[in-house]
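Accompanying notes for the structure given below.
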Amino acid sequence: MKGLMVSDQPVVPGFHPDPSVCRVGDDYYLVCSSFEYFPGIPLFHSRDLLHWTQIGNVLDRPEQLRLPADMPSSGGIYAPTLRHHDGRFWLIVTNCSEGGGNLLVSTADPAGPWSDPVWLPGVPGIDPDLAWDEDGTCWCTFAGVGQVAIDPYTGRTLGAERRLWSGAPGAKAPEAPHLYRIGEYWYLLIAEGGTERGHGVSIARGPGPSGPFEACPHNPVLTHRGTDHSVQNTGHGDLVQAADGSWWMVFLGVRPHGGTPGWHVMGRETFLAPVTWTDDGWPVVGEIVSPSDTGIAADATFRDDFDLPEFHPSWISLRDRSPEHCTTEERPGRMTLRARGTSLDEPDAVFIGRRQQHLACRADALIDATQGAGGLAVRLDEQHHYAIETDGTQVQVISRVGSVRATVATLPVPAGPAVLSVRITPPPRPHDARTGPDVITLGVEQPDGTFAVLAMLDGRYLSTEVAGGFTGRVIGLYAARGTVHADWFAYEPTVRARPTT
Ligand code: 6LW
């Protein structure tokens, strides 16, 4: 494939974990987990596996995705599998929240709409996979690793559940299975070692979809365990064959920055690597590749003036998007946010944002909070976020880290709307062992057009190493009290990504 180079850059940057991919003709489609955010499951299209454009979200109606009000971060939607079979796209996934379970949706057009869910109460594990054999039997393989035949139209399980493989002896958490018929074998790809530094991908093969499976002699076929790679935690892969016959793996990885031990702030991102096959039929995963034409995708800069009733697919809301709390239709050209009586410290805060996708970036918004209070926040979860908030008369920076919530700075402002700004920059001394991954500067534009900095905060406290969980930073708008309007929101990367070869 042309136009790629060995690099440490993701093909889908920002919190986009657990990628699953399929090809139909010259078109590739890719989906990721979305956890506590609505709509769920971002869906991307590509013609070359390198450049991806989000064309929608799979679960974009409340009938498909309901997340409980008290569901903490990193609950919700885990690890989808996307497949194309018999002229339809099929997606199977686990809703890990109360009242959820495994569900399956399908469509003829991946841009949507997708069907209402078919529930699969008989499938007992997370990370479900779908594969059809020559007889038309649909096999659902899940973390553990187990398997059961299902009827994808009704969700009924057919026959008994079987155990397939538990990965390498001593490796924990065999999960994220994907099953493929390649040549004379059925291959079973799994993740193991847990999704942190021990993460990896292993493979086994057998004569049929249910095995018996023999492990690859050179497992794990992908891992950055115990190495000094700049991309860590690599695992949770899915294979795809390109139209030219070449093979590729998409998988998740993280990019820790700063001193020891290193902090990653954008969650688990989607990477790509070529796959070749040994003479005796085992896959060999190559180095990470990314596009060689540019460090930053052309569509990385984003601005929304809220002129359209529909939301751009990259907007994600916490838990739900009920029009009484979040709408662009109440006042054309404005996003209206109405607080639910809860602050950003609660799992059901009124917050709508976009994933941070660049190590250095800025986000600005014109906020009118004369009928309430709200602003711009960098959110990792309900216990880890920094916010700049206005109530129309003053601007405050609020820091929530673990159990500590503090108002860090306050500045009176002229009555009326304010341009709030968040700027994320690399640390001043990147080689200092004590330095954090980045600095988050929060401020407000002054009437004379200058930028007043209210606070410069250490980014390590909004990292997964501090907060735990499966997500990454999301930057967006929120209402803390009353009604808040946003006139526009803009996000832009501020330093060109520097790919390493
Ligand atoms: C997912 C599991 C994993 O279910 O993390 O990294 C879990 N892998 O396969 C949540 O994304």
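Some observations on this one:
- In the stretch 18-34, residue nearest to residue 381 (Cα to Cα) [restricted to those that are touching a residue at least 60 places away in the same chain (Cβ under 8 Å) and surrounded by fewer than 24 Cβ atoms within 10 Å (Cβ to Cβ)]: 29
- The lone exception for residue 200 - which of (1) over 26 Å from residue 470 (Cβ atoms); (2) within 16 Å of the ligand (Cβ to nearest atom) it fails: (1)
- Failed criterion for residue 206 (all others in (1) more than 23 Å from residue 120 (Cα to Cα); (2) within 16 Å of the ligand (Cβ to nearest atom); (3) without any contact (Cβ under 8 Å) to a residue 40 or more places away in the chain; (4) of a type in the set (Gly, Ala, Ser) hold): (2)
- Residues that are crowded, with 23+ Cβ neighbours inside 10 Å, among the small types (Gly, Ala, Ser) and more than 12 Å from the ligand (Cβ to nearest atom) within the stretch 150-196 comprise just one, 167.
- Residues that are among the β-branched types (Val, Ile, Thr) and at positive phi, drawn from the stretch 1-56: 41
- Of all the residues in the stretch 36-74, those that are within 14 Å of the ligand (Cβ to nearest atom), out of contact with any Pro (no Cβ under 6 Å at 6 or more places or on another chain) and part of a strand (DSSP E or B) number 3.
- Cross-chain or 6+ apart pairs with Cβ under 8 Å, the stretch 355-367 first and modelled with pLDDT of 95 or more, then among the polar types (S, T, N, Q) and buried (at least 24 other Cβ atoms within 10 Å of the Cβ): 367/390
- Among the residues here, residue 15 does not qualify as away from the ligand (no atom under 16 Å from the Cβ) and either free of Cβ contacts under 8 Å to residues at least 40 places away in the same chain or among the aromatic types (Phe, Trp, Tyr) (or both).
- Residues being within 16 Å of the ligand (Cβ to nearest atom) and under 13 Å from residue 129 (Cβ atoms) - total across the stretch 79-98: 8
- In the stretch 144-168, the residues that are among the hydrophobic types (A, V, I, L, M, F, W, C) and within 22 Å of residue 64 (Cβ to Cβ): 150
- Single residue of 333, 341 found to be over 25 Å from the mean Cα position of the chain (by Cα) and touching a residue at least 60 places away in the same chain (Cβ under 8 Å): 333
- Looking at 105, 145, 123, just one residue is within 16 Å of the ligand (Cβ to nearest atom) and touching a residue at least 40 places away in the same chain (Cβ under 8 Å), and that residue is 145.
- The criterion of at least 1 residues that are farther than 25 Å from residue 304 by Cβ is met by the following strands (runs of 3 or more DSSP E) wholly inside the stretch 388-478: 394-401, 404-412, 439-445, 451-458.
- Residue match in the stretch 304-316 (condition: within 16 Å of the ligand (Cβ to nearest atom), modelled with pLDDT of 95 or more and either buried (at least 17 other Cβ atoms within 10 Å of the Cβ) or hydroxyl-bearing (Ser, Thr, Tyr) (or both)): yes
- Considering (1) on the phi > 0 side of the Ramachandran plot; (2) out of contact with any Asp or Glu (no Cβ under 8 Å at 6 or more places or on another chain); (3) at pLDDT 95 or above, the lone condition that residue 449 does not fulfil carries the number (3).
- From 291, 261, residue being modelled with pLDDT under 95, surrounded by 19 or more Cβ atoms within 10 Å (Cβ to Cβ) and farther than 15 Å from residue 222 by Cβ: 291
- Single residue of the stretch 68-82 satisfying the filter (at pLDDT 95 or above and surrounded by fewer than 21 Cβ atoms within 10 Å (Cβ to Cβ)) that is farthest from residue 176 (Cα to Cα): 68
- Qualifying residue in the stretch 253-261 (condition: more than 13 Å from the ligand (Cβ to nearest atom), in contact (Cβ under 8 Å) with a residue 60 or more places away in the chain and in contact with a helix residue (DSSP H, G or I) (Cβ under 6 Å, 6 or more places away or on another chain)): no
- Verdict on residue 43 being touching a Leu at 6+ places or on another chain (Cβ under 9 Å), in contact (Cβ under 8 Å) with a residue 60 or more places away in the chain and either closer than 22 Å to residue 246 by Cβ or not assigned by the TED database to the domain that holds residue 348 (or both): yes
- Residues in the stretch 323-367 that are basic (Lys, Arg) and out of contact with any Asp or Glu (no Cβ under 8 Å at 6 or more places or on another chain) were compared, and the one that is surrounded by the most Cβ atoms within 10 Å (Cβ to Cβ) is 355.
- Residues located in the stretch 240-282, provided they are within 24 Å of the chain's Cα centre (by Cα), farther than 19 Å from residue 21 by Cα and in a loop (DSSP other than H, G, I, E, B): 255, 256, 258, 261, 262, 264, 265, 266, 267
- Here the condition is being surrounded by fewer than 21 Cβ atoms within 10 Å (Cβ to Cβ) and of a type in the set (Val, Ile, Thr); of 390, 407, it holds for 407 alone.
The values are calculated or read from the model by the stated rules, or taken from the named source; none is laboratory data. Here the structure is a predicted model, which is why all the values come from computation and not from measurement. Methodologically, a virtual Cβ is constructed for each residue, glycine included, from the backbone with ideal geometry; neighbour enumeration extends over all protein chains shown.
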